[in-house]
Amino acid sequence: MNAQFEMWSYFHYFMIVFPFILTIILYLYVRKKSYSVKRNIALLMGIIMVIILALRQIYIFNKDGGLSPEVIPFQVCHFANFTMLLVAINKRYRVIGAISWCLNFPAGLASVIFADGLENYSNVLNMQGIAYILGHMLIVSMGLYLLLTKMIKINLKTLFKMYKVVTVLFLASVLINNWFIKIFNEKSNYFYTYTPEKGTPLEDLFNLGLNYELLGITFNPIYLLLLAGVGFILTFIMFLISKIRYIRFE
């Protein structure tokens, strides 16, 4: 059975709305229950997410006949599955919680809204297509669930620690993308630092600059600075949104 994805179709709207509906249902169910129940549901969601990712990576490994950049889960939405599972395991992992909410959640939401890449799939009912759809919807739902159940709690100190970690990952992605392109002879685009995702506003940022090569590393400095700036603003906005959850209305 074959099926192709169409942007702004009924199914696409379903992809956008369903994660929020699922989260509301889960939260209404657990809001008056013990922390243990809330945590168990989060653990179950996290395990399902990791299993879906693992099946996707095995599928691509077999399809490509070996290792490739797509098999290595360094993309933001790939390692989101692990960060969110870790928060479900132990809510004291505050920095990981900050990454889950401030970085992984909006990245997952953007991938659901700007799902143009799915249109390139000849069949979205294979493991890679199903994993994209289910995986990104679960990232959105899981991130929101962790916040609503107060498993994620971010203060300024945690936020600044998160910025340090993400900055290292961001800069490392520039090097790794270049190395993997040479090693695998295939485009690697972790953190979208090599090129922007087609059909997203990042294309406009990329076009404001030019590619340069230094010591064998190709990069667009204007694009990287703008991308980092957008990332900083977005993650800070997500931090402010997270604070709303802890406002008490007496």
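Details
- In sequence order, segment 73-87 has phi-based couplings of x, 9, 5, 3, 6, 6, 6, 4, 4, 7, 5, 5, 5, 5, 5 Hz under the Karplus curve 6.51 cos²θ - 1.76 cosθ + 1.60, θ = phi - 60°, and Gly or Pro positions carry x.
- Simple label model, 7 Å out from Cα along Cβ direction - residue 134 to residue 207, nm: 3.8 nm
- For the pair segment 138-203 / segment 9-48, the C-alpha centres are spaced 23 Å from each other.
- Global geometry of segment 104-250, whether rounded, prolate or oblate, following the gyration tensor of its Cα atoms and the 1.5 cut on a/c: oblate
- Working note: Karplus 6.51/-1.76/1.60 with θ = phi - 60° gives segment 202-213 the couplings 5, 4, 5, 5, 4, 6, 6, x, 10, 7, 10, 10 Hz, where Gly and Pro are set to x.
- Trypsin sites (Lys or Arg not before Pro) within segment 156-200, DSSP loop, no more than 16 other Cβ atoms inside 10 Å: 187, 198
- Gyration tensor (alpha-carbon) shape descriptor, segment 1-59, a/c threshold 1.5: oblate
- Overall, the accessible surface of segment 182-250 at a probe of 1.4 angstrom is composed of carbon and sulfur to the extent of 67 percent.
- The phi torsions of segment 49-62, fed into the Karplus equation with coefficients 6.51, -1.76 and 1.60 and a -60° offset, translate into couplings of 4, 5, 4, 4, 4, 4, 5, 4, 5, 5, 4, 5, 4, 5 Hz, rounded to whole numbers, with Gly and Pro shown as x.
- Residue-normalised accessible area of the chain, expressed per residue, 1.4 Å probe, Å²: 54 Å²
- Computed extension length for residue 48-residue 121: 24.0 nm, one decimal, from 0.36 nm per residue of separation with the Cα-Cα distance subtracted.
- Cross-link table 91/161; 32/157; 91/157, entries beyond 20 Å C-alpha to C-alpha: 32/157
- Global geometry of the chain, whether rounded, prolate or oblate, following the gyration tensor of its Cα atoms and the 1.5 cut on a/c: oblate
- Where labels lie 7 Å past Cα in the beta-carbon direction, separation of residue 29 and residue 3 in nm: 2.2 nm
- Over the chain, DSSP H runs of length four or greater, each weighted -39,500 (n - 2.57), average out per residue to a 222 nm ellipticity of -22000 deg cm²/dmol.
The values are calculated or read from the model by the stated rules, or taken from the named source; none is laboratory data. Keep in mind it's a predicted model, so treat the numbers as computed, not measured. Cβ atoms come from the backbone with ideal geometry, glycine included; neighbour counts cover every protein chain shown. For the accessible areas, the whole protein counts, side chains as well, though only heavy atoms, and no ligand, DNA or RNA atoms are used. Shrake-Rupley method; radii C 1.70, N 1.55, O 1.52, S 1.80 Å.
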